Each structure stands twice: as structure tokens, then as C-alpha cells.
1. Take every DSSP beta bridge with both residues inside segment 8-263 and express the antiparallel ones as a percent of the total, to the nearest 5.
2. With N set to the residue count of segment 116-169, report its C-alpha Rg divided by 2.2 N^0.38 Å to two decimal places.
3. Rank the residues Trp169, Trp206, Trp99 as a footprinting-exposure proxy: fewest other Cβ atoms within 10 Å of their Cβ go first.
4. Within 10 Å, count the other beta carbons around each residue, average over each peptide in 59-70, 24-35, and list them highest first.
5. Quick check: from the Cα gyration tensor, does segment 1-127 come out rounded (a/c under 1.5), prolate or oblate?
6. Evaluate E = 1/(1 + (r/R0)^6) for Ser201 and Asp256, where r is the Cβ-Cβ distance and R0 equals 45 Å; express this FRET efficiency to the nearest 0.05.
7. Going by how many other beta carbons lie within 10 Å of each one, how would you line up Thr162, Thr77, fewest first?
8. How would segment 165-264 be classified by its alpha-carbon gyration tensor: rounded, prolate or oblate, with rounded meaning a/c under 1.5 and the a/b versus b/c comparison settling the rest?
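Derivation of every value follows stated rules applied to the coordinates shown; laboratory data play no part. Not measured: the values here are computed from a predicted model. For neighbour counting, all protein chains shown are included, and Cβ atoms are generated from backbone atoms with ideal geometry for every residue, glycine included.
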Amino acid sequence: MPMNDNAHTLGLMGAKGGVGTTVLATSLAWALAQRGLRVVMLDLDRHNGQAALHLCERNAGPTLREALQAAQRMDDTLLDTLLTPCANGLRLLPAPRAWVPASAEPTADGAQLLRLVQVAAQLADCVLLDLPAAAMANEAYLPLLRTIDEVALVSEPTLPATFNARRAWQWLQDERHDTHGLEQAGCTFALNKVQRQHALSPEQVWRTLGLEAATPDRRELPRSDAAVASATYQGQALGALDGREPLARAVGQWADALAARWAS
Ligand SMILES: Nc1ncnc2c1ncn2[C@@H]1O[C@H](COP(=O)(O)OP(=O)(O)OP(=O)(O)O)[C@@H](O)[C@H]1O
Ligand SMILES: [Mg+2]
């Protein structure tokens, strides 16, 4: 079932850690907001989330911890007060900034996380989720992974990442096929940091994943060390600094495709 008639829900999940999920999720959120959509981004990477670093570190407000503490009475009015504005049309619920002992952490079960996304969907045209790498290993994320409209699996063209990506991609197809039957179960494969000196060519990755046909559901994102570093150290989304830079352009094309699909 769609989560909400109006808002689109898209979760980005790394096949493994460090493949660029947060860079892509924050850049995509920013690019969608630039295109006039009202975007709410939820950083659901509870322990390592860094979306705020890329969007609004200096003024990030309440976090996922406060949202989970208030889970019992969560509704659109409450969530509205928790979100930090980051740019025109873009608001963020950041991950917690400090560690607390596990015993002091509010619990996050699948129903609470799902409810949070459903409430966010009442406040936006699209809800983007920055998920922990291989989130399907954690039971709390399973209802979300099965229910949200779209999942983008992020990976890089290395052997270890591709090994994990094949497993994650298969799991997503199997789990989501019944509810999101069409077109690869509403999944996109985002191959990030593509350049020659990686161990695998994009073609080898596509073959391994069974994605040889250039469908709209596979994307290649170029490596852009200087642009990513400069955006990160300035706490800005990539496209905000230089929209013509290759990675920003590729993310912009992705945002264009999503916006066009969602409008139709
Ligand atoms: N296309 C790219 N070009 C160059 N550097 C990149 C690119 N994408 C990501 N990076 C860099 O790779 C590193 C990991 O990125 P990021 O934090 O987005 O990954 P992640 O998958 O979210 O990691 P984690 O598992 O810790 O959440 C960062 O140093 C980031 O700046
Ligand atoms: Mg991350």
C-alpha cells in the first residue's frame, strides 16, 4: 500500500558503510527542494547519522532521539515543531548528536519508525530517508523497507561492496515484489564514485546484479573528491556550491527523473 496519497517516500540505503549514501541522500534532498518540492529528510541512521553535517550542522535542532521519545504522541503538529529548516523547501530531522548509554536510548521499533515516516508524509511532497547501511539486518527497519514507495540501494564499484550489494538487491526484490510489483519493486541501484581506477567496471557490477539493460532504475554517480570535500567542510549541499559540477549534475538529473515520475 502507498504510505500517503500525496507524498512520495524514498529511502537511501548503503550496501555497506561508507559508499556515499549520506552524500547522495542530502544532495538529492537539496536538489528536489530546488525543483519546488516540499522535502522532509529524516536521518534514520541512529548511531552514525551525518545528514546534518551536509545540510545545516550549525543550527540543527531536535533530533531523532527527541522524536522517538515523543513517539506515543507523534503527529504532524508535533513533528512540524521538531524539523530544522535547511534550505527553501527542505527540512531535516537530524540523527542524535551525542552518544548515550543504550539503556537510556528510547526504543525504536518498526511500528514507531514507520509511523514517523507516515507523519512526515503529511508535511511534505516527498520524504527522504537516510538509512543505515544494510538496514535490513536490523528488525526495526524491516516494516519501512517493505512499505516505502522507493528504495535506492547505494554501492560503489568494488568487490566487497558489490558482494554485499548483490545480497541486498536480491533481498529488496524478494521482500518488495508483492507490494511494489512493477519495475524492480520500486528499487533503484545507485552506483557511486564511478571512475576508472576502481577494482570493477560499472559493466561488471551491472552484470553481477543482473541489471545489464540500461533501465531508468540504475544510475552512475561520478567520483568528485574536491567538490564533495569542499561542500562537506562548508556544511553545504553539493549543488548549492556549484550546480554544474559533474556529481551535482548527475544528482540533479536523478532529481529531475524523480520529480517527473512523481508528477505523472
Ligand atoms: N561521489 C563521491 N565522490 C567523492 N567522494 C565521495 C563521493 N560520495 C561520497 N564520498 C565520500 O565518501 C565518504 C563516505 O560518504 P558518506 O558518508 O556519504 O557514506 P555513507 O555510505 O553514508 O557512510 P556511512 O555508512 O558511514 O553512513 C565521505 O568521505 C564522502 O565525502
Ligand atoms: Mg551515512
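1. Working: 3 of 31 bridges.
Close to 10 percent.
2. Numbers: Rg = 13.0 Å, N = 54, 2.2 N^0.38 = 10.0 Å.
Output field value: 1.30.
3. On the way: Trp169 23, Trp206 20, Trp99 9.
With the sparsest Cβ surroundings first, the list reads Trp99, Trp206, Trp169.
4. Values: 59-70: 17.8, 24-35: 26.6.
Result, highest mean Cβ count within 10 Å first: 24-35, 59-70.
5. Working: a/c = 1.40, a/b = 1.12, b/c = 1.25.
Since a/c stays below 1.5, the shape of segment 1-127 is classed as rounded.
6. Working: r = 26 Å, r/R0 = 0.58.
E between Ser201 and Asp256, to the nearest 0.05, is 0.95.
7. Details: Thr162 22, Thr77 11.
Going from least to most buried by this count: Thr77, Thr162.
8. Numbers: a/c = 2.28, a/b = 1.44, b/c = 1.58.
Verdict is oblate for segment 165-264.
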